[in-house]
1. Looking at (1) within 27 Å of A:Pro212 (Cβ to Cβ); (2) away from chain A (no Cβ under 14 Å); (3) not aromatic (Phe, Trp, Tyr), which is the only condition B:Ala26 fails?
2. Go through region A:88-136 and report how many residues are of a type in the set (Gly, Ala, Ser), surrounded by fewer than 24 Cβ atoms within 10 Å (Cβ to Cβ) and more than 24 Å from A:Leu66 (Cβ to Cβ).
3. Residues that are within 14 Å of another protein chain (Cβ to nearest Cβ), at least 1 per element: which strands (runs of 3 or more DSSP E) completely within region A:182-261 meet that?
4. Could you list all residues from region A:65-75 that are surrounded by 24 or more Cβ atoms within 10 Å (Cβ to Cβ) and either of a type in the set (Lys, Arg) or in contact (Cβ under 8 Å) with a residue 24 or more places away in the chain (or both)?
5. Would you pick out the residues in region A:85-117 that are of a type outside the set (Gly, Ala, Ser) and more than 10 Å from chain B (Cβ to nearest Cβ)?
6. For B:Arg152, all conditions in the list (1) closer than 28 Å to B:Glu332 by Cβ; (2) more than 9 Å from chain A (Cβ to nearest Cβ); (3) surrounded by fewer than 20 Cβ atoms within 10 Å (Cβ to Cβ); (4) of a type in the set (D, E, K, R) hold save one; what is the number of the exception?
7. From the list A:Arg295, A:Arg311, A:Arg287, which residue is at positive phi and open to solvent by 70 Å² or more (accessible area, probe 1.4 Å)?
8. Out of all the residues in region B:291-304, is one or more among the small types (Gly, Ala, Ser) and touching a Pro at 6+ places or on another chain (Cβ under 9 Å)?
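The values are calculated or read from the model by the stated rules, or taken from the named source; none is laboratory data. Just so we're clear, the structure is a prediction, and the values are computed from it rather than from any experiment. Cβ placement follows ideal geometry from the backbone for every residue including glycine, while neighbour counts extend to all protein chains displayed. Ligands, DNA and RNA are stripped out before the accessible areas are found, and what is left, the full protein with its side chains, is counted by its heavy atoms. Shrake-Rupley method; radii C 1.70, N 1.55, O 1.52, S 1.80 Å.
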Number of protein chains: 2
Amino acid sequence: MTTATPNPRPLHLNAFLWDVGHHEAAWRLPDADPAAVWDVEHFKNLARIAERGKLDSLFLADSPVLQTDPGRRPPGKIEPTVLLTALAGATEHIGLIATASTSYNEPFNLARRFASLDIVSGGRAGWNIVTTAGADAARNFGLDDVPLHKERYERADEFVEVATKLWDSWADDATVGDKENGIHTLADKVRKIDHRGRFFRVDGPLNSPRTPQGWPLLVQAGSSEDGKAFAARWAEAVFTAQQTLEEAQAFYTDLKARTAALGRDPETIKILPGIVPVIGDTEAEARELEERLERLINPEYARLQLAKTLRVHPDALVLDEQLPADLPTEDEIEGAKSRYTLVVELARRERLTVRQLIARLGGGRGHRTFTGTPVQVADAIEEWFDHGAADGFNIMPAVLPSGLEAFVDKVVPILQERGRFRTDYEGSTLRDRYGLPRPANQFDLPRGDAVRGVSA
Amino acid sequence: MTTATPNPRPLHLNAFLWDVGHHEAAWRLPDADPAAVWDVEHFKNLARIAERGKLDSLFLADSPVLQTDPGRRPPGKIEPTVLLTALAGATEHIGLIATASTSYNEPFNLARRFASLDIVSGGRAGWNIVTTAGADAARNFGLDDVPLHKERYERADEFVEVATKLWDSWADDATVGDKENGIHTLADKVRKIDHRGRFFRVDGPLNSPRTPQGWPLLVQAGSSEDGKAFAARWAEAVFTAQQTLEEAQAFYTDLKARTAALGRDPETIKILPGIVPVIGDTEAEARELEERLERLINPEYARLQLAKTLRVHPDALVLDEQLPADLPTEDEIEGAKSRYTLVVELARRERLTVRQLIARLGGGRGHRTFTGTPVQVADAIEEWFDHGAADGFNIMPAVLPSGLEAFVDKVVPILQERGRFRTDYEGSTLRDRYGLPRPANQFDLPRGDAVRGVSA
């Protein structure tokens, strides 16, 4: 255990909300409301709990497709920019991070929607930028199959470039409201962007002023080679699935170095591995909850899902045997590359049977599950934080709201007592939470200068 | 004035919110906050005023482009689905109608966002379906010019067809939440739509259950030939700009007949002409407010805007002369066709100079301005309502919030005393407000049957 020496380096905690819990069987617990995934009051309650714990932000994952077997767990989701707007009205301080796809949106529409969320929330918007894996999603948008991984990231890169230009298309002091002379906003401080690129042609300007944060916080969550290159260029916070301290350290070191290599201060990219805390007042209680959830997994749904992730026929997966030897390599995967490798390596390293692997994935879908007492969870957080593996954590409670309540009411106070975590909010924006600056407006700068990442 | 005989036919009133008022110079009044257009609290206040008056709904117009000279009036807007989600949390009963474009969105994304708004608001979502005029908007989406009017409407038609299929892709009783057997939602009650059309290929299903209203209320606001054909097929409420009783009667009769000709009950399409009430406790007071606003119009901005609407060079418009004789015909206009004709006919009919026309348009941009006392406004509403011109009105206060307050606190009580308008809300959904049924789920019906408008 780490000592309580005050540490000036701030720890960041994000609450990743997912229906009634990250564990796929959470909805089967006696207290769970299976319809809560469609109940905005359920999410308002979660948001208020997280804010009570002074957490940095809330996060909602997303994909524009029905992602799961409808029988297995609550399928589908309320669209995140809509849900987070509703949560903005139920909270005052906590950041609001919505996932949205660069493959299946137009930059003008999405840049505008995030600008609107930033305005409505008083500067609390974040965008988790995803390229969206899977042919099923592609087939909701006129395509026969998902675009190539590399192509998706190239589009994402240009998409974010266009979005930042749009967010900067109004000077910060464009609106003067000069009633006497009848000049609401200065026309020469609202500029077209005239973007002409490989994927997009967008004239602009945005029909929205520069927002409280300038840009929403840019978040990224893919850990493939393409994903890491993208993160190094654009991301200010990164969610990542890491199973062991060593892997997390390697990822952390690599991504900070890649970021520095592009001329960015590595302090401006915050790395938050996921953790699925299963908390009990005693170890036995925690273990009991974990086992109870495992017993509620329907192994047949899970086996089909695993076969899809691994791109094998379901018959190749036998519940009480290990994974087959002849799996595809990551290079052959056009979907969620890094998650694929993580699952295969986890199974191989711990020699798990398919049944055991399913139990491990049922909680966090590849994220690290940590089962223990509040002190043990706090220790686990400090260990990674102090050993070059994390700037904070993406908290993924197995069961909601109870798992978030346990984290906020039992783990957070320990971290606060140890001088590790804020006891109150300072500042007002999501960027303030993460200690990140408001981006300078690129149109206030000499052209061609200081626009991060915009290639020469 | 009509007598107070109770009339069982319900009158519908929608509050059309537009920054600090529909009059382009409203922001220059001493009490106006020029930045209110970006202030969610301003809109929450307006929403609560409208709900206090038991109005049916709120409505936000929109276009994905900077629509006005930035100097002239507050340019741009908060994106309507975001803003109305915020207003859903500040109100309980009033309907929430957002404008969104079929030309510059994907059906999956937009159908989902309206489903989410309907869920979050407890069944209060409406969609004002627009095809978006103007080359400037097209150039924010990779196009060089706006698609042809007819082509835009053909796309809109297929877009709405896809959206309704997605909204109906879950049976109403799909989710069973069977904890014991581990079946959350019945897989055979969630169906792909496999849409293959001229504009769209969408597999579905939606990643959202059927919503409280089934479909959001479908609203339409274009009065061109293509627009009326579209409205007759799909619209449940229609906003329209009509200057005289005779024109409004002709439009009303025509659209009801077109609707009936498609086999729909004409009672299921509600027609709401716009009215810009300028209200004073005396006629003189009302007239004074109107003149005060007219004096604050910057004629130069307005002349440039009018030239754009009329597709003429600004030099062709001389402030103290009438419109030039050689204007384009409606057929040559690829933009907002019916608005073009309305403006030209208004100017010709009343022999207005450019300056006078600008004053008339400054308040309602083509909608009817009515200046008078609360009793006169109530009379004007009853006259059109009783003479086959309207099922209700789209209320467009020249100044906000004061104009909405005057309408709600002074005109609404008169309409209530006369037995013309509800004194409390009944039911809970926007469809309840307009007395419209929840659509049957087309996937519960024999295939090919009863899907309104889906062509054989």
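1. With (1) within 27 Å of A:Pro212 (Cβ to Cβ); (2) away from chain A (no Cβ under 14 Å); (3) not aromatic (Phe, Trp, Tyr) applied to B:Ala26, the lone miss is (2).
2. 4
3. Those strands (runs of 3 or more DSSP E) span A:183-185.
4. Of everything in region A:65-75, those that are surrounded by 24 or more Cβ atoms within 10 Å (Cβ to Cβ) and either of a type in the set (Lys, Arg) or in contact (Cβ under 8 Å) with a residue 24 or more places away in the chain (or both) turn out to be A:Val65, A:Leu66, A:Arg73, A:Pro74.
5. Hits for region A:85-117 are A:Thr91, A:Glu92, A:His93, A:Ile94, A:Leu96, A:Ile97, A:Thr99, A:Thr102.
6. All conditions pass for B:Arg152, except number (3).
7. A:Arg311
8. no
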